[in-house]
Amino acid sequence: MNFKTILFIPFLSICLSGFALKTCYPDTSNILSDNSSTKNDLDSYHSCKPYTRWWWFASVIKNEDIKDQLDWLKKNNFGGVEIAFIYPVDRNPKAVRLPWLGQEWQDEVQYAKKYADRIGLGCDFTFGTLWPFGGTFVNDADRTLIWGDPKFKQYLTRSWTMPDTGNVLNHMDKSAFERYASVIGNALAPALKGSKSAIFCDSWEVETKWLWTKGFDSIFQKQFRYDIRPFMDSIYSAKNSGPRYDYMKLVSKMVTDEFYIPFTEKAHQLGAISRVQCSGSPTDLITAYASVDVPETEAMLYEPNFSKIVASAAALSGKNIVSSETFTCLYGWPAKNIRKEQTADLKLVCDALFANGVNQIFWHGMPYNPAGIDTIYFYASVHVGKKGSLTEELPTFNNYMTRVSEKMRQGKTYSDIAVYLPLEDSWIAGEYPKELQLPWSWGAYEMRYEHFNSELAGYHPLWINNDFLSKAVFKNKTLLIHDLSFRMLYVDAKSLDIATLKTLLNIAEQGLPVCLKQSPNQSGYLKSTDFDKLLTKLKTLPNVSSDLHKLSQKPPLVSGENIPAFWCRSDGKSATLFFANPLTEKLKYPVVYGQSLQESSIIRNIILNYKGKSVPVQLKFEPYQSVMLSINEKGEVKFEDIRFTPKIPVQE
């Protein structure tokens, strides 16, 4: 939730110090070809039931209150909780609380896990207090740094320890993370026994502009053969697009190799799995998301289309579960209509997420309330509690999300066409135009607004990056990546790294059709004289064209006009498709109160093209309903019963 940065991070000054980073990085090839965890490791999510984030305000936590709330969640068809440790109620600095990470705190955390196990609920844990990672025990040598201000200090405020503040962790230094993780890991270790839990990392909340670490300049010089320092003061100006790309390329690798990969390694050492939101991080998002066990997206601070990047990374790296922090700041920021939320609006959001690859919902979320009380709430959530507006419909709504999630985990994600995610363009762009910026989002590197071109609508494409393309195998006229196969690569980018261009040429020379929509420029500051020659060679190949229909050898999975957003899973013999209600097409942040109101059915006529069969199908979206169907190799179509009818929403 990137809005937290602007609220919770005052800046004070201290003297710069830090440890030098290693110049050698771990081999990341394993994250691109193997699961980070086995299926059994993810058994905590096997029920497909929604979880909820459970806000533990800094207070005196008691067994009877834990038991009361967990029993209520079980009764209302939740699958588990993620305990998030935050500031005191009303941000009262004098609030009495259990000492952070102390024995009493550990005892209550362990009791919550044991009782959840006893009643069949999962239990995950945020790996720290508030966001991002940091704390009073993070020393100055391990704090995050920026270029040009040796006294810069980003505080972790309004955490469990407020009013005491602490340093935000340097996310570009593995040694700093390991020292942090040893403290948090030791405190959580007793609670990580029993059933498999996940440790959770929220979206990026570290100051990103001019992000730096000790030794960055020397590592940069070695990799790019020039000095980045003269460009750093104006690295975000239009004239420095080349150095900016190179700078972002190294930042991305460091954040992934020094933070996200070690985070998953630490989870496994603790007997847990990692669940991570890489959203907002200055990284190659596909590679970063591929490095964790359970990639997580969020909505509505990120609109549902962003989830396709997350789901693509999961499919490419063989991860079956794609989770989502869901319903955050649903009606806007500052948060509106808390305790007045409408289930029909929520259903519209989660249906949009299902159509973008999500198959595990995390409610955002439930505040810790003593037994018999439901007056405490969290300022940025829909309210999960005994007396909220959603309470009456929770059991049946959760059942609905469970049924869809279960179906959307069967088989594997289906796709025929891989689409190159224009990473170079986003890093070169620098800042978003003012009209696209949010109070918590300024940089195009976040890739919030990436959409597939409209001509790809029926093909069910997946995003891909050079890391996966360069390790793919071309066989039997298809590109094989993990258990996915693509019959075409689609590239629509203004700029390409020369390494990416070489990969495209290699793939095309082997025979894969490549749809190259425009003639890209070379990214980076120091240009290679080979780029134009390689590009010319690529464009002259007979299987390279800007015309999609010229290259396509068979019709798309779904044909028709105004195709609704959909996601498809296939076991090789049949395919299951979830079509989101067309009203989801108008979803943008924030959701309008009562936006889900639908007074009549919506009809869309399509043709399903599967296993050589073309079958006309009418999709009838009755009020508040989406459509799920399956088609087998004989062309037989079966509609699944996923009906859930919420209360008719009221519009403001």
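Could you list, in sequence order, the residues of region 227-255 that are out of contact with any strand residue (DSSP E or B) (no Cβ under 7 Å at 6 or more places or on another chain), surrounded by 15 or more Cβ atoms within 10 Å (Cβ to Cβ) and in a loop (DSSP other than H, G, I, E, B)? Listed by number, the residues that qualify are 228, 235.
The listed residues are 107, 71, and the only one of them that is in the same structural domain as residue 197 (by TED's automatic domain parsing) and without any contact (Cβ under 8 Å) to a residue 24 or more places away in the chain turns out to be 107.
Restricting the search to region 111-151, which residues are closer than 22 Å to residue 75 by Cα and not in a strand (DSSP E or B)? Matches in region 111-151: 111, 112, 113, 114, 115, 116, 117, 118, 119, 120, 121.
Let's see how each residue does on (1) modelled with pLDDT of 95 or more; (2) in the same structural domain as residue 573 (by TED's automatic domain parsing); (3) under 24 Å from residue 342 (Cβ atoms):
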site	(1), (2), (3)
606	yes, yes, no
610	yes, yes, no
615	yes, yes, no
620	yes, yes, yes
627	yes, yes, yes
633	yes, yes, no
645	yes, no, yes
650	yes, no, yes
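Output yes when any residue across region 600-608 is in a loop (DSSP other than H, G, I, E, B), surrounded by fewer than 22 Cβ atoms within 10 Å (Cβ to Cβ) and more than 30 Å from the chain's Cα centre (by Cα), and no when none is. Yes, region 600-608 has at least one match.
The rows are residues; the columns are (1) in contact (Cβ under 8 Å) with a residue 12 or more places away in the chain; (2) under 30 Å from residue 300 (Cβ atoms); (3) among the aromatic types (Phe, Trp, Tyr).
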| residue | (1), (2), (3) |
| --- | --- |
| 546 | yes, no, no |
| 550 | no, no, no |
| 555 | yes, no, no |
| 562 | yes, yes, no |
| 572 | yes, no, no |
| 575 | yes, yes, no |
| 581 | yes, yes, no |
| 594 | yes, yes, no |
| 598 | yes, yes, no |
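Close Cβ contacts (under 6 Å, 6 or more residues apart or on different chains) running from residues in region 469-484 that are under 18 Å from residue 572 (Cα atoms) to residues that are surrounded by fewer than 19 Cβ atoms within 10 Å (Cβ to Cβ) and not basic (Lys, Arg) comprise 478/485; 480/473; 482/318.
When region 160-180 is filtered for residues that are of a type in the set (Asp, Glu) and within 21 Å of residue 253 (Cα to Cα), the ones remaining, listed by number, are 173, 178. Taken over region 311-328, the criterion of being more than 25 Å from residue 472 (Cβ to Cβ) and in contact with a Phe, Trp or Tyr (Cβ under 7 Å, 6 or more places away or on another chain) is satisfied by 323, 324, 325, 326, 327. Filtered by the rule that a residue be within 21 Å of residue 316 (Cβ to Cβ) and crowded, with 24+ Cβ neighbours inside 10 Å, region 265-281 gives 267, 273, 274, 275, 276, 277, 278, 279, 280, 281.
Taking the condition in a loop (DSSP other than H, G, I, E, B) and in contact (Cβ under 8 Å) with a residue 40 or more places away in the chain, does residue 196 pass? Taking the combined requirement at face value, the residue satisfies it.
Scanning region 281-321 for residues being of a type in the set (D, E, K, R) and in a helix (DSSP H, G or I) gives a total of 1. Tell me, yes or no, whether region 322-344 has at least one residue that is within 30 Å of residue 622 (Cα to Cα) and in a helix (DSSP H, G or I). There is at least one residue in region 322-344 that is within 30 Å of residue 622 (Cα to Cα) and in a helix (DSSP H, G or I). Among the residues of region 415-427, is there at least one that is at positive phi and not aromatic (Phe, Trp, Tyr)? Checked region 415-427: no residue is at positive phi and not aromatic (Phe, Trp, Tyr). For beta carbons closer than 8 Å, sequence separation of 6+ or different chains, a first residue in region 245-264 that is within 14 Å of residue 219 (Cα to Cα) and a second that is at pLDDT below 95 and of a type in the set (A, V, I, L, M), the qualifying pairs are 254/21; 258/21.
As a summary of the residue check, residue 451 satisfies the conditions (1) within 30 Å of residue 237 (Cβ to Cβ); (2) assigned to a helix (DSSP H, G or I); (3) in contact (Cβ under 8 Å) with a residue 24 or more places away in the chain except for the one numbered (2). Residue count for region 386-415 under the criterion of being in a loop (DSSP other than H, G, I, E, B), of a type outside the set (Ser, Thr, Tyr), buried (at least 21 other Cβ atoms within 10 Å of the Cβ) and in contact with a strand residue (DSSP E or B) (Cβ under 7 Å, 6 or more places away or on another chain): the result is 1. The single residue among 589, 624 that is surrounded by fewer than 19 Cβ atoms within 10 Å (Cβ to Cβ), in a loop (DSSP other than H, G, I, E, B) and of a type in the set (Phe, Trp, Tyr) turns out to be 589.
Within region 426-460, the set of residues being more than 20 Å from the chain's Cα centre (by Cα) and of a type outside the set (Ser, Thr, Tyr) comprises 428, 429, 430, 431, 433, 434, 435, 453, 455, 456, 457, 458. Of all residues in region 70-83, those satisfying the criterion of being surrounded by fewer than 24 Cβ atoms within 10 Å (Cβ to Cβ) and either of a type outside the set (D, E, K, R) or touching a Ser or Thr at 6+ places or on another chain (Cβ under 8 Å) (or both) are 70, 72, 76, 77. The residue pairs whose first member lies in region 272-296 and is within 14 Å of residue 360 (Cα to Cα), whose second member is of a type in the set (Val, Ile, Thr), and whose beta carbons are closer than 6 Å, counting only pairs six or more residues apart or on different chains, are 275/294; 276/292; 293/273; 294/321; 295/310; 295/322.
The values are calculated or read from the model by the stated rules, or taken from the named source; none is laboratory data. Note that the coordinates shown come from a computational prediction; the quantities given were computed from them, not determined experimentally. We place every Cβ from the backbone using ideal geometry, glycine too, and count neighbours over all the protein chains shown.
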